[in-house]
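Derivation of every value follows stated rules applied to the coordinates shown; laboratory data play no part. Quick caveat: nothing in here was measured; it's all calculated off a predicted structure. Every residue, glycine as well, gets a Cβ built from its backbone with ideal geometry; the counts of neighbours run over all protein chains shown.
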Amino acid sequence: MKKIFLLLSTSVLLLTATFVIGQNTRFSDPKTVIEEQFWGNLYADGGKSFFCDEQFSTKGFMLTQGYIYPLADIRNALSCGTTRQCEQDNRYRQIASDLHNMVPVRNRTELRRRNARYEELGALIKEDDCGIRESSVFFEPPPKVKGDVARSMGYMVGTYGLPWLGSAQVFQGWNRADPPDDRELSRHKRIAEIQGNENPYITDPSRMERL
């Protein structure tokens, strides 16, 4: 009986360790991460805005850090209270510091997108100059980043137990239609080096089908 108990205890510890390793456990100060790691490290040499694919060399006033899984929805999921109250919550600080969820976005795009739900809207809705479709509270990203959005969403749902912000079937379809390209893989590699953990839905996109 004692041996069985020890085996079960060991298994639980191993599973817990695996779970923790899969999360961001290195950073828990969102403001510092944004300044030092996101802009100061990951995009220190510039890059391209996520949705609109516009080249930039420095942050500038037109860009901001966007969150594929918006912070307001994280706060709602955790029920940690107001923004100020959530900033004192260690779990929220950990999730809000996760670089796998952050992308460089045009300010005006982020303002329109942050309270929306992801959806496949179809050709009846006209695209804007970035290839984005919007209708009421719904947001459809450009085809070239639909898979990126899906795999980031899968990471937040699978890693932190957050609810989907849209239909799981839509995200799974985007994942299949837009597999990881060189840009996404290169960005993922840099984040893994900086933060110390990977997004398993990028390294193995088939995992999305099992969420």
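Leaving out same-chain residues fewer than 8 places away, which aspartates and glutamates sit with a Cα under 15 Å from that of K59?
E35, E36, D45, E110
Sorting W174, W164 on the 10 Å Cβ count, fewest up front, what's the list?
Lowest count first: W164, W174.
When only Cα pairs under 8 Å and 6 or more residues apart are kept, what is the percent relative contact order across the range 24-210?
After rounding, I find 23 percent.
Taking the Cα centre of the range 24-210 as origin and charging only Cβ (+1 Lys, Arg; -1 Asp, Glu), how large is the dipole, in debye to the nearest 20?
Value, rounded to 20: 340 debye.
Please identify the DSSP H helices in the chain that span no less than 24 Å along the helix axis (Cα) and have a mean Kyte-Doolittle hydropathy of 0.5 or more.
Flagged H segments are 2-21.
Here are labelled values, (1) 13.4; (2) 25.3; (3) 10.7, and one is the computed mean projected area of the Cα convex hull in nm² for what I pasted. Which one?
(1)
Please work out the FRET efficiency for the pair E193 and A123, using the Cβ-Cβ distance as r and a Förster radius of 35 Å; give the result to the nearest 0.05.
Once the sixth-power term is evaluated, E becomes 0.30.
If the label point is 7 Å along Cα→Cβ of N115, which residues in the range 36-71 have backbone nitrogen under 15 Å from it?
Of the residues in the range 36-71, 70-71 have backbone N under 15 Å from the label point off N115.
I'd like the antiparallel share, as a percent to the nearest 5, of DSSP beta bridges with both residues in the range 24-210. Display every interim value, and only then the final one.
On the way: 10 of 12 bridges.
DSSP beta bridges in the range 24-210 are roughly 85 percent antiparallel.
Which of the GluC sites (Glu not before Pro) across the range 65-153 are loop residues per DSSP, with 10 or fewer other Cβ within 10 Å?
Filter output for the range 65-153: empty list.
What distance in nm lies between label points placed 7 Å from Cα along the C-beta direction at T203 and A44?
Each label point is offset 7 Å from its Cα along the Cβ direction, giving 2.4 nm.
With unit charges on the beta carbon (Lys/Arg positive, Asp/Glu negative), name the residue among L111, W39, S28 whose Cα is farthest towards the positive pole of the charge dipole of the chain.
So the residue we want is S28.
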